[in-house]
1. Go through (1) touching a residue at least 60 places away in the same chain (Cβ under 8 Å); (2) within 15 Å of the chain's Cα centre (by Cα); (3) buried (at least 21 other Cβ atoms within 10 Å of the Cβ) one by one and return the number of the condition ALA88 breaks.
2. Consider VAL248 carefully, then state whether it is touching a residue at least 40 places away in the same chain (Cβ under 8 Å), more than 25 Å from TRP87 (Cα to Cα) and open to solvent by less than 40 Å² (accessible area, probe 1.4 Å).
3. So which of SER146, SER192 is under 28 Å from ALA231 (Cα atoms) and without any contact (Cβ under 8 Å) to a residue 12 or more places away in the chain?
4. For segment 224-237, state whether one or more residues are free of Cβ contacts under 8 Å to residues at least 60 places away in the same chain, on the phi < 0 side of the Ramachandran plot, open to solvent by 30 Å² or more (accessible area, probe 1.4 Å) and not in a helix (DSSP H, G or I).
5. Does segment 66-78 hold any residues that are open to solvent by less than 70 Å² (accessible area, probe 1.4 Å) and farther than 15 Å from THR48 by Cβ, and which are they?
6. Suppose we filter segment 136-172 for residues that are open to solvent by 40 Å² or more (accessible area, probe 1.4 Å) and in contact with a Ser or Thr (Cβ under 7 Å, 6 or more places away or on another chain); how many remain?
7. For residues that are small (Gly, Ala, Ser) and touching a Pro at 6+ places or on another chain (Cβ under 9 Å), scanning just segment 209-223, find the one that is surrounded by the fewest Cβ atoms within 10 Å (Cβ to Cβ).
8. So which of ALA27, ALA46, ALA53 is touching an Asp or Glu at 6+ places or on another chain (Cβ under 6 Å), open to solvent by less than 10 Å² (accessible area, probe 1.4 Å) and either under 19 Å from LEU128 (Cα atoms) or at pLDDT 95 or above (or both)?
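The values are calculated or read from the model by the stated rules, or taken from the named source; none is laboratory data. All figures in this text were calculated on a predicted structure; none of them were measured in a lab. Cβ sites come from the backbone with ideal geometry, for glycine too, and all protein chains shown count toward neighbours. Surface areas here come from the heavy atoms of the whole protein model, side chains and all, with no ligands, DNA or RNA. Shrake-Rupley method; radii C 1.70, N 1.55, O 1.52, S 1.80 Å.
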Amino acid sequence: MASKAGKGEWARHWQYERLPGLDLLRARYVRHTFPRHSHDGYVFGAVTRGVEAVGMPDGTLYAGPGSVVMINPEVAHTAWAAGPEGWAYDTLYPSADVVAEIAAETTTVRGTAGFGETIVMDPRAARLISEVHRAAESGEALVADSLLRVVLARLLRDHGTALAQRPRRSAGARAAARAREVLTERMADPPSLEGLAAELGTSPFALLRAFRDAYGMPPHAWLTNARVRAARRLLEAGIAPAEAAVAVGFTDQPHLNRHFTRIVGVPPGAYQRGRKNVQDASGELLVASDAWQNRQHQHQPRQ
């Protein structure tokens with residue numbers, strides 16, 4: 001697959017219509033750096049080549065072949081290549097509902113299931129993740145669905161736990177939550193940090209600290225992430241990228257393209273085609289890095 005883009009980067013981010021609640025990403029990245037962002041569902045990535053560096057709230061971890069990266073919903077993280085050869089991986093993005101359903105059937109976990117370890121060495125689970133991809137790409141719904149449930153049940157059984165309940169909210173946490181509500185409501189025309197803090201009766205630096213503590217990133221980074229999530233929903237509904245860009249608060253389509261590609265891993269157009277399962281003549285949807293205008297990214301995480 002990588003030969004389609006020579007020795008550079010390539011990616012396919014798509015949905016298989018017969019596996020609802022699941023996104024799939026198969027990619028090789030060399031220069032690409034994912035900025036700090038989070039997902040509303042889970043991430044299960046099987047590294048197949050090279051080493052991926054994963055920046056988590058408590059430090060940087062490294063994942064090589066045979067390992068599985070597991071990230072819980074709404075946990076801020078970054079990712080980049082740990083070496084000059086880059087890394088390749090097969091990733092599953094099941095929704096929270098899909099994981100909750102499988103956890104209820106196969107575990108005794110009470111409350112919301114999650115994972116205490118971010119990276120585990122589990123070659124069997126890694127192979128199963130890749131096999132889900134292969135089955136979906138071949139249109140084998142029964143196989144893909146079965147393998148998806150087997151691998152998620154395995155990971156939940158061997159590495160799952162109940163996610164800790166959030167502690168009682170402090171004044172700072174309440175201000176951060178209200179700030180998030182304001183940014184969501186006024187996504188297309190948000191206030192400045194000073195204006196937002198004034199609305200909430202706090203200071204800019206106090207709000208900045210509280211927001212980082214609550215959501216793992218500063219308000220401006222969280223807003224960019226939220227805009228990209230909103231753009232994804234619009235693209236999935238068939239809205240053109242240029243219209244989606246303006247609707248969520250980006251200045252124009254190139255502005256959307258830049259942030260969307262950094263966070264999602266493919267450009268908006270390729271993402272939208274993947275929702276419709278539009279493929280090229282060979283049955284693959286691979287996007288070379290040259291098409292991303294992505295060469296400025298370095299091998300260090302953006303904060």
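1. For ALA88, the failing item is (2).
2. Details: touching a residue at least 40 places away in the same chain (Cβ under 8 Å): yes; more than 25 Å from TRP87 (Cα to Cα): yes; open to solvent by less than 40 Å² (accessible area, probe 1.4 Å): yes.
Yes, satisfied.
3. Details: SER146 fails: under 28 Å from ALA231 (Cα atoms).
It is SER192.
4. Yes, some residue in segment 224-237 is free of Cβ contacts under 8 Å to residues at least 60 places away in the same chain, on the phi < 0 side of the Ramachandran plot, open to solvent by 30 Å² or more (accessible area, probe 1.4 Å) and not in a helix (DSSP H, G or I).
5. Across segment 66-78, the qualifying residues are MET70, ILE71, ASN72, PRO73, VAL75, ALA76, HIS77, THR78.
6. Going through segment 136-172 one residue at a time, the tally reaches 3.
7. Looking only at segment 209-223, we keep the residues that are small (Gly, Ala, Ser), and these are 210, 214, 216, 221.
Then drop every residue that is not touching a Pro at 6+ places or on another chain (Cβ under 9 Å), which leaves 216, 221.
Details: GLY216: 18, ALA221: 20.
Only one residue tops the list, namely GLY216.
8. Values: ALA27 fails: touching an Asp or Glu at 6+ places or on another chain (Cβ under 6 Å); ALA53 fails: touching an Asp or Glu at 6+ places or on another chain (Cβ under 6 Å).
The conditions single out ALA46.
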